1. Could you work out how much longer the chain between E227 and A361 gets when fully extended? Use 0.36 nm per residue separation minus the Cα distance between them, nm to one decimal.
2. Which of the cysteines in the chain are isolated, no other cysteine C-beta under 4.7 Å?
3. At 222 nm, what helix-only mean residue ellipticity would the chain give, in deg cm²/dmol to the nearest 500, using -39500 (n - 2.57) for each DSSP H run of four or more?
4. Using amide H atoms built 1.01 Å from N in the peptide plane, name the residues 5+ places from R156, or on other chains, whose amide H lies under 5 Å from its own.
5. Run the simple label-point estimate for E50 and A376 please: 7 Å along Cα→C-beta, distance reported in nm.
6. Under 5 Å between amide hydrogens, which residues at least 5 positions from Y237 or on another chain qualify, with H placed 1.01 Å from N in the peptide plane?
7. If R₀ is 30 angstrom, what is the calculated FRET efficiency for the pair A87 and R338, using the beta carbon separation as r and rounding to 0.05?
8. Full extension from R29 to D178: what is 0.36 nm times the residue separation minus their Cα-Cα distance, to one decimal in nm?
Amino acid sequence: MNAEPLAVYIHWPFCRSKCPYCDFNSHVRDSVDAASWTRALMRDLEHQAELTVGRAVGSVFFGGGTPSLMPPETVAALLDGVRSHWAVLPDLEITLEANPNSAEAGRFRAIAAAGVNRLSLGVQALDPAALRFLGRAHDREEAIAAIEHAREIFPRFSFDLIYARPGQSVAGWRRELDEALTLAGEHLSLYQLTIESGTAFATLAGRGELALPDEESTAALFEMTQERLAAGGLPAYEISNHARPGAECRHNLAYWRYEDYVGIGPGAHGRLSRAGAKFATRQYRLPEKWLATVETEGTGLEETAAIDRETATEEMLMMGLRLVEGISRERLEQVSGRDAETVLGRNLTPLIEGGFLTLDAERLAATPAGRQRLNAVLGSLLS
């Protein structure tokens, strides 16, 4: 058995509405045949298990879309499927993403009874005007009530906020963070707003009707976020994620550490190691296409492709340098087949001397300054 635990991602692609900043594989439908979707997800899970015989699962993550719209019976059936097809670790982490509106919060107990032990709430803002700007279906009072409800029901919970919003000041964001810390449990995710192609915000930005804070303002917001969360007992362990030591999201750590994971459901991706090679899997993206393919072929996989050493090395760098812990030098050299200095090339020394990277006998890591400018650091490393 491979000693590294396997992570299982299950995608529920449906939402009640599409948020203007969101470029995830999410879709609004008038109705969803829950029975058909349960059967299809179970069949796809079984197929993925056949590709990963002998592995033990360490985490399951229901993402979307809005997985809290899934019938709790579907969640329970899928978790039974995970346990029947794989060995699972005794402390299996099972996360489900949820919206904090009152209708979905009313289902939290049923979701917990289905086996979920970690809830991730998409709060996105505690400021009423910001919630309206972000197109969220809940208000401030519903968000706070949902956080408290999650605290009562789930052993672990987290919530997300989005910052670097148009016109946002450092002082205003500090007040919002201070309130978030009074509500938080052991984990917070804090994402900078970005304009993604194909979103409603991209359309507004293209017309000149939406502008994000400038680079200097964004940097000040980022730096204050890191300082305030560290002082509040939730230091960063990844660029956008903060937790008390030991409370990190183990599922997401599998991605950032370039470990293996299977992706089940429309548009889901996977990374699997077999016979000394790494393979990328990709599912059909459109829900109706995926469902029809599963019903006829037993899986929604569109592509399985071997990843060459160069691509695997690039993926490891792009993911691992997001982490405060960085990347194991030994693993980097195993994946690349070369010593670290050769892999990282001529730009390594200037990045170290500039205070953006560190490299020693154990690890390659980005410094706080490097993580703040990670796109530029990666661009230099990979050029």
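Every number in this text was worked out from the coordinates using simple rules, so none of it is lab data. As the structure is a prediction and not an experimental result, all values here were calculated from the model. Here the Cβ is made from the backbone with ideal geometry for all residues, glycine too, and neighbour counts use every protein chain on show.
1. Length gained between E227 and A361: 45.4 nm.
2. Result for the chain is C15, C249, no neighbouring Cys Cβ within the cutoff.
3. Per the formula, -12000 deg cm²/dmol.
4. Long-range HN contacts for R156: L119.
5. It works out to 5.0 nm between the two label points.
6. H242, A243
7. According to the calculation, E is roughly 0.30.
8. Taking 0.36 nm per residue and subtracting the Cα distance, the gain is 49.9 nm.
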